[in-house]
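> Dumping the structure here so I can ask a few things about it.
The values are calculated or read from the model by the stated rules, or taken from the named source; none is laboratory data. Please read all numbers here as calculations on a predicted model, not as lab measurements. Cβ placement follows ideal geometry from the backbone for every residue including glycine, while neighbour counts extend to all protein chains displayed. We work out accessible area using only protein heavy atoms, side chains counted, and drop any ligands, DNA or RNA first. Shrake-Rupley method; radii C 1.70, N 1.55, O 1.52, S 1.80 Å.
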Amino acid sequence: MVPTNIVQAESLGKQVKSPEGTLTILADINLSIKQGESLAIIGISGSGKSTLLGLLAGLDIPTAGRVILDGSNLSQLDEDGRAKIRAQSIGFVFQSFHLLPGLTALENTSLPLELADIDDAKKKAEKKLEEVGLIDRIHHYPNQLSGGEQQRVAIARAFAGNPKIMFADEPTGNLDQKTAKRIIDLLFKLNKENGTTLIMVTHDNEIAHHCDRQVVIAGGQISEEK
């Protein structure tokens, strides 16, 4: 069976007002991402790649065009509606981890499950932490963990709800090269095992080549696909 498009951007654009006038961040982006595919969005700093990721994930709304995510037109939903789609279908891994400092690794991982009223949240969170090799660190707080360990907690949290789509924004940006390789290997391993669609922003061409496809953003537009 041919995989269907799980994310689709149609004539997508984003402009913001500034004292100097209207600034165009993205213009006329057309992009289809199939279920189970891995896609790297690459480009120099300021090219608009993180803005594109935010639009595809429903974290921001476009000023032109639309995003169809898992069958829903995000432009037709209010923030509560978009938040519901994110909770049901999406996981996130960010450069800066976004762990809550007052919660343990287990509590950070189980929190989204508990907020979504998922049964056995703690048990499912513990299983994911075991999968990322942190079973002996589940009661440690973020400040007791290394950067690589914190990112592994963030990955466990992102995969704990079995999302259909995983968005990753420079997931190794705060890590040394050796730790970064371990994190990328782990991210792709879990992604393959869970059959998740992976959409990743990175400036690292080596990481991008792990993906099935790469899209290069330059000047707010897709300049190349490979």
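> Is there any pair linking a residue in the range 188-202 that is in contact (Cβ under 8 Å) with a residue 12 or more places away in the chain and in a loop (DSSP other than H, G, I, E, B) to one that is of a type outside the set (Phe, Trp, Tyr) and surrounded by fewer than 16 Cβ atoms within 10 Å (Cβ to Cβ), with Cβ under 9 Å and at least six apart or on different chains, and which?
Note: pairs meeting the criteria are 196/162; 202/173.
> Could you please find all residues in the range 16-66 being without any contact (Cβ under 8 Å) to a residue 24 or more places away in the chain and open to solvent by less than 20 Å² (accessible area, probe 1.4 Å)?
Result: 54, single match.
> Next up: I'm trying to understand the selection: among the residues of the range 119-145, which are open to solvent by 60 Å² or more (accessible area, probe 1.4 Å) and not in a helix (DSSP H, G or I)?
119, 120, 139, 141
> While we're here: Only one of these conditions is not met by residue 97: (1) touching a residue at least 40 places away in the same chain (Cβ under 8 Å); (2) in a helix (DSSP H, G or I); (3) under 24 Å from residue 202 (Cα atoms); (4) open to solvent by 10 Å² or more (accessible area, probe 1.4 Å). Which number is it?
(2)
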